1. Could you tell me which residue out of T45, A151, V27 lies farthest along the dipole of the stretch 4-157 toward its positive end? Charges go on the beta carbon: Lys and Arg +1, Asp and Glu -1, centred on the Cα centre.
2. In whole percent, and with a 1.4 Å probe on the protein chains, what portion of the accessible area of the stretch 17-120 is carbon and sulfur?
3. Report relative contact order for the chain in percent, whole number only (criteria: Cα-Cα under 8 Å, sequence separation at least 6).
4. Which angle between 0 and 90 degrees, to the nearest 10, do you get for helix 5-14 versus the longest principal axis of the chain when only C-alpha atoms count?
5. How many percent of Cα pairs in the stretch 86-199 exceed 19 Å?
6. With a 1.4 Å probe and all protein chains left in place, how much accessible area per residue does the chain have, in Å²?
7. All other residues with a Cβ under 10 Å from the Cβ of A109 taken together, and with Lys, Arg as +1 and Asp, Glu as -1, what is their net charge?
8. Could you tell me which of A213, A5, N89 has its Cα farthest along the dipole of the chain towards the positive end, charges placed at Cβ (Lys, Arg +1; Asp, Glu -1), taken about the Cα centre?
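The values are calculated or read from the model by the stated rules, or taken from the named source; none is laboratory data. All values reported here derive from a predicted model rather than from experimental measurement. Cβ sites come from the backbone with ideal geometry, for glycine too, and all protein chains shown count toward neighbours. Only protein heavy atoms, including side chains, enter the accessible area calculation; ligands, DNA and RNA are left aside. Shrake-Rupley method; radii C 1.70, N 1.55, O 1.52, S 1.80 Å.
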Amino acid sequence: MSRDAVKTLFHPFATAALPMPEEGQKVLFLGAEAGFDLPEGFGATLFPVQGFRPHFRKLEAARLDPSAFPEGNDFDMALILMTRHRGENEALVAEAVGRLPAGALIVMAGAKEDGVQSFRKRIDMMGFETRHLAKYHAQAFWFARPADAEALMTAFRKKPAMVAERFQTAPGMFSHKDIDQGSAFLTRYLPKGAKGQAADFGAGWGYLSVVLAENSPGLEGIDLYEADYDSLEAARANMLANCPSMQTRLFWHDVAGEEIRGKYDLIIMNPPFHEGHATEPSIGQAMIRAASKALKNGGQLVMVANRGLPYEPVLAEVFKSSGETARNARFKVLWGKK
């Protein structure tokens, strides 16, 4: 998503296309990101909500007092910064509608790659009168919360999914419809009968942790680290449903940017390698460095990556020994030993 979209979201107020929220009003900001300045005269109190830990930390650094999830239903207006996932955008609208009174404004903004135009047209086709404007390579549009919102809530409410008939997921999570092919490849090479304490860096909705627990029931426990709050909650449910006897701790954590305090005998991971639409191998490289610091002497990292990503030099730099276990047409399984 274009970072400019967050500035576009406030443009209707700065240009007087919308009345400025007044002091004493409460404005819910779903999908909030830092990088904006409130227009002069914006007197309302902003309540930013952001479940992705790196964005949450930037909001904290900007002293915007964010929350990981929305609470309360006494807001006067809602702002929504769109994502690239249609189902997630729908869920954000349903969330806003459920927390606003009839007639309250919902203001959304997104870039072309977020599907903002088609999403606005869909709102129009549902009978809502929208207005819009473009700025900063993105578009903002707005409409009033209807008095009878049941049809909209039914159409847009988040629809949970089940993967392989045993994993709970939802739109917006990584690979929420199917098991990721890279993770599936890695499971062929996960240790069997592992002992000690293990961790899953970037655990998503818990697929790799469940497989590891099934392969190695003698583990003392598995710690799951995940940056997306909703994915972590799904992982909690999936671990409980599939391997309830495994000792599990879950951490809402930015592995690439926050210190890991635990010490582990085994770390597994399928690190993300995209920032928006661009390939960004530095995320995985940072996670490899974090894994090296978090492993005990003699501990091992086992990971999967796209074949073209340059992780081997970092593995060689931070581990006593490292190598490749297997590869196929798309992926490679790498390891490092502390």
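1. Result: A151, furthest along the dipole toward the positive end.
2. The C+S portion of the solvent-accessible surface of the stretch 17-120 is 44 percent.
3. This gives 12 percent for the chain.
4. 20
5. 59
6. Per residue, the chain has 47 Å² of solvent-accessible surface.
7. 0
8. Comparing the listed Cα positions along the dipole, A213 ranks first.
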